[in-house]
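Chemist: Just passing along the structure, written as structure tokens.
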Amino acid sequence: MTTYYEVAISGNPLRRAFTYASSEEIDPGTRVVVDFRNRVTIGYVLDVAHPSEELAAKTKALLEIVDYYPLLTSTHIELAKRTARYFFSPIGKVCDLFFSASPQIVVQTRLVRSSYDEMPGFESAEASVPAEVFFQRVGRKKGRVLLEEWLKEKRVARAIGLKTRTQRTRTDSWIRPVDDLGQALSKLEKTSGKEWAIMQHLLLHAEEPASYVKKTFRVNDATLLSMAKRRLLLIEEMDDSEATYVEERGRVNLTDRQKEVSRSILRDIDRSAPVLEHVIHGVTGSGKTEVYFSVIAEILKRGRAVLFLIPEISLSPQTIARVRTRFPDVEVGIYHSALKPAQRQREWQKAVIGETKIFLGTRSALWVPMPNLGLIIVDEEHDTSYAQEDAQPYYDTKRVVRWLSELGGIPVVYGSATPRIETFYEAQELRQTRLHTLPERPLGISLPHVRLIDMIHAERVNAFFSKELVQSMDEVLSRGKQVFLLANRKGFAPFLICSMCGFVAKCVQCDVSLTYHQATRRLKCHYCGFETSLYTRCP
């Protein structure tokens, strides 16, 4: 019996799915191989289709089934559909997000001919030819026409092979000091040059990758091996998976307010009609992370996994170390764009098979199809890096997390000192979102003192700095400390460009683009001060 399926095409920019036929029963969420516009590619089965008889007669057959069992559940499929529909993104590219770090499926196609008549694209003795070679020989446009005609006439058959391409884990040598570094240093004279410099560096940094030492000190493998033979240092092999982060940190005791917030969240989660969305509004340094850890610990006791999303700027070795130190006996996965391909693939696989219990990552970690997910945490939920705006598919992590929570019944905890306006409003006004506050820092630590200076009436050193600011900077610098100044962007737009011809308004003296100030509707050069009125027509 023939069944028809809606299939989203991988990487396809069109905002729709396509219908394919198969004699086999296929579960939604399964990856398949299809012929799309005479190109063999990967597709995702979304649902069973019910085409009209006329369309069914024209429907192509699925070529191969990739997955023995689907990695995507009905929740993931509905999440992809909502994301594509709401953000006007191609459904195939949204589905690709679930497999962005999975082992790559390479589809290899060969054209096998049934007769040895003269056929363009085939050498006289060739029984088969790779599809790409065929198109190179006859051209893409002509080749599509010929191939379609030959397939109908059964002069050519298409043989399809699937190959999984996995990323290799790279190894690197690490340089470590010997146990008795003092004795090793005594073997060297200060005139030993680079060897002495390497030993002094290890005295301060304990260990370094061999590649870093070779580049920094301009030495080769022979030099390092020679030093190792003389017991001046140790060389150890370590692959990417062994790179870890640790931090010596004692267990933190929660304050009464932190305990109250943690218990409140868990009570709401356990209700017969659970409250799934929680917002922790706490001042900087109020201990929101410790509340996260308290809730995570309870979720882990219940045998569920946790997705911990943090902004790109916050994903530092210190953050990773803090999570691993707090949960030393739990498998913690790390997932972000800075990882090497082999590392990302390994972390993806561990999360998908359920080995990872705490998955710490940036917005892309949201799309890894983790089983048994019991909690999602979105730290610093106001951060702009949670929105993917630079490339399709476009989406906002906050909204996608809410849909995942609704579809899967998964509790979500958002945390921020400055939550989005809509998040704060929803937490105050809507029943399905609960607001928790941490108004003070623990241990009585006070917030930094903030002073607002009215530049209209203040005594100024120049147009930008008040006298009080300059004096404060002098005082801080005299103590050997640093000053950090944040300057707002000048103007409404950094340049004015004509959408028809590409003309950019520039300063007549400096040849730099003029800044547009919306309040005065004027263009200004912030180098020399030149100003002009806003152009109404392109000059």
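Chemist: Give the number of residues within the range 318-346 that are in a loop (DSSP other than H, G, I, E, B) and touching a residue at least 60 places away in the same chain (Cβ under 8 Å).
Modeler: Counting residues in the range 318-346 that are in a loop (DSSP other than H, G, I, E, B) and touching a residue at least 60 places away in the same chain (Cβ under 8 Å) gives 1.
Chemist: Could you say whether any residue in the range 477-486 is within 30 Å of Thr289 (Cα to Cα), in a loop (DSSP other than H, G, I, E, B) and in contact with a helix residue (DSSP H, G or I) (Cβ under 7 Å, 6 or more places away or on another chain)?
Modeler: Yes, that holds for at least one residue.
Chemist: Could you list, in sequence order, the residues of the range 10-22 that are within 18 Å of Ile65 (Cα to Cα) and more than 22 Å from the chain's Cα centre (by Cα)?
Modeler: Ala17, Phe18, Thr19, Tyr20, Ala21, Ser22
Chemist: So in the range 440-452, with the set limited to residues that are closer than 17 Å to Thr255 by Cα and out of contact with any helix residue (DSSP H, G or I) (no Cβ under 8 Å at 6 or more places or on another chain), which one is modelled with the lowest pLDDT?
Modeler: My answer is Gly444.
Chemist: Between a first residue in the range 493-510 that is touching a residue at least 24 places away in the same chain (Cβ under 8 Å) and surrounded by 13 or more Cβ atoms within 10 Å (Cβ to Cβ) and a second residue that is among the aliphatic types (A, V, I, L, M) and not in a loop (DSSP other than H, G, I, E, B), which pairs have beta carbons less than 9 Å apart while being 6 or more apart in sequence or on different chains?
Modeler: Close Cβ pairs (under 9 Å, with a partner that is among the aliphatic types (A, V, I, L, M) and not in a loop (DSSP other than H, G, I, E, B)) amount to Leu496/Val504; Leu496/Leu523; Cys498/Val504; Phe503/Ile497; Ala505/Ile497; Ala505/Leu523.
Chemist: Within the range 308-317, does at least one residue satisfy the condition of being crowded, with 20+ Cβ neighbours inside 10 Å and assigned to a helix (DSSP H, G or I)?
Modeler: Within the range 308-317 (the criterion being crowded, with 20+ Cβ neighbours inside 10 Å and assigned to a helix (DSSP H, G or I)), the answer is no, since none of the residues qualifies.
Chemist: In the set Arg304, Arg263, Arg267, Arg271, which member is touching a residue at least 40 places away in the same chain (Cβ under 8 Å) and assigned by TED's automatic domain parsing to the domain that holds Arg346?
Modeler: Arg304
Chemist: Mind counting the residues in the range 372-395 that are in contact (Cβ under 8 Å) with a residue 40 or more places away in the chain and under 18 Å from Cys95 (Cβ atoms)?
Modeler: Total meeting the criteria: 4.
The values are calculated or read from the model by the stated rules, or taken from the named source; none is laboratory data. What you see is a predicted model; the values in this text were computed from it and never measured. Cβ: placed from backbone, ideal geometry, glycine included. Neighbour counts: every protein chain shown.
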